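Engineer: Below is a structure I'd like to ask you about.
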Amino acid sequence: MSFPLKLGFWAASLLVVSGCADPTTELHVPTPDVQSFELNVYPVLLRDCGFPECHGNPERFFHIYGPGRTRAKPKAELPLYAPATGEELTATYKRARSMLAYEGTVEESLLLTKPLAGGHEGHDEWGNNVYLEASDPSYQALVTWARSIQPVAASR
Amino acid sequence: MTRVLTQAIACGFALFAGATVAQAFSDPDQFQVAAAAGGGGGRYFTASLVDGYGCNVCHRGGEAPKVNVIGLPTGGYQPGQTYEIELSWDLPPSLSHALQLEVLGRDGRVPGQVVLLDPATVDARGRCGGTATGKVAAYERVTGTRKVLGVEDCSAQSLRFRFTPSDVPDLAFSASVITSDKSASVENDGVTTVRKVLRRVGEPAQTGDCSLSAGRPSGTGSLWLLTGLLVALAALRRPEK
């Protein structure tokens, strides 16, 4: 490989790794209420997101475990329709929490932007997305949960 | 943020090591069961605008079924007139099919009457095992303003129903059909989605009214990532002169 090509490759790699970050921005990682998550948000994520070809796929960053979906343990240890385990709830909570990270307002977080017009890949050929409009009660459950929390600033 | 992501990823990989992928819903009533209890939470995966999703959000890996639709008034429907509609599919002996369909108006309600045929008139193709004495494979479920018709995964070969549209300018027919390998898992199943916008006689047609496609969630992000990695690998492996 020639030197300019090597230089370009490593420069591009560095940009990818750094996420093209502006070091002066402050990233907020909320610590939302766990009980509210289990009661109001987890059922929504199971119903609207946690399918094997979507966010029920453990190979995806934001993935969801639960009854009738992908389970965290083999079938012999955890029957398909057994209630969600603490391990599954914790894992799903952590992923959902990570999806709430934001720089400006929590409405800009991935969890709240991707299901609507934020570039979610689950839309079909007619342009329909997970929720057709922000007034959808399931989407509002996510919004309510996200807004009810105090952010914790994180260094980058 | 980095620490949070690292913890989450580590946790995810630890769990993924022993993860179990979901099985198909063998009981049609399971679609109405609460999601937290392992059901569909009211989703029937008909690929309609109200439901949002088709069977392809779960089933994968198999060849998409070839679905024939006969009787849909694609040239325009007359309100109050009854149409008999049949969906059928070719069936290799080793495979079975299942489907969910619904007809909806713009208000999210059934625009008229949608009814299955009298069970006594259902022929062998509409029965489990494709035999004249088999159980009728079709079922219907009413949920809220919706009415969903389905076919159980029991080797039937067709679904027939009657549709009498009300006086609305247009409506949407949607169906999601799977080819099942009878394993009861969501793996090695193919999916075809049928969606057609039908219009009242005299209403102007629009482009994009009809759609028949092998359903698959889009994955352009993954495609771009894979392409980038391949380019990077090729650059690294290129021998120096």
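Engineer: How many residues does segment B:162-191 contain that are in a strand (DSSP E or B) and either within 24 Å of B:Ala205 (Cβ to Cβ) or not hydrophobic (A, V, I, L, M, F, W, C) (or both)?
Structural biologist: Count: 18.
Engineer: Please determine, by comparing only the residues of segment B:23-60 that are within 7 Å of another protein chain (Cβ to nearest Cβ) and in contact (Cβ under 8 Å) with a residue 40 or more places away in the chain, which one is most open to solvent (accessible area, probe 1.4 Å).
Structural biologist: Result: B:Leu49.
Engineer: Given (1) more than 7 Å from chain B (Cβ to nearest Cβ); (2) more than 20 Å from A:Leu110 (Cα to Cα), identify the lone condition not met by A:Pro67.
Structural biologist: In the conditions (1) more than 7 Å from chain B (Cβ to nearest Cβ); (2) more than 20 Å from A:Leu110 (Cα to Cα), A:Pro67 misses (1) alone.
Engineer: Condition first: open to solvent by 30 Å² or more (accessible area, probe 1.4 Å) and free of Cβ contacts under 8 Å to residues at least 24 places away in the same chain. Now tell me which residues in segment A:35-56 satisfy that.
Structural biologist: A:Gln35, A:Leu39, A:Pro43, A:Glu53
Engineer: Oh, and also: Any residue at all in segment A:4-15 that is open to solvent by less than 10 Å² (accessible area, probe 1.4 Å) and either modelled with pLDDT of 90 or more or outside any loop (DSSP other than H, G, I, E, B) (or both)?
Structural biologist: Going through segment A:4-15, the residues open to solvent by less than 10 Å² (accessible area, probe 1.4 Å) turn out to be none.
Within segment A:4-15, not a single residue is open to solvent by less than 10 Å² (accessible area, probe 1.4 Å) and either modelled with pLDDT of 90 or more or outside any loop (DSSP other than H, G, I, E, B) (or both).
Engineer: For segment B:124-138, indicate whether the set of residues that are surrounded by fewer than 20 Cβ atoms within 10 Å (Cβ to Cβ), within 18 Å of B:Phe45 (Cα to Cα) and without any contact (Cβ under 8 Å) to a residue 40 or more places away in the chain is non-empty.
Structural biologist: Among the residues of segment B:124-138, not one is surrounded by fewer than 20 Cβ atoms within 10 Å (Cβ to Cβ), within 18 Å of B:Phe45 (Cα to Cα) and without any contact (Cβ under 8 Å) to a residue 40 or more places away in the chain, which makes the answer no.
Engineer: Please work out which residue is farthest from A:Tyr139 (Cα to Cα), limiting yourself to segment A:75-93 and to residues that are facing chain B (nearest Cβ under 8 Å) and modelled with pLDDT under 95.
Structural biologist: Here the residue is A:Glu77.
The values are calculated or read from the model by the stated rules, or taken from the named source; none is laboratory data. The structure presented is a predicted model; accordingly, all values stated were derived computationally and were not measured. Glycine also receives a Cβ, built like all others from the backbone with ideal geometry; neighbour counts cover every protein chain displayed. Just the protein is used for accessible areas: all its heavy atoms, side chains included, with ligands, DNA and RNA removed. Shrake-Rupley method; radii C 1.70, N 1.55, O 1.52, S 1.80 Å.
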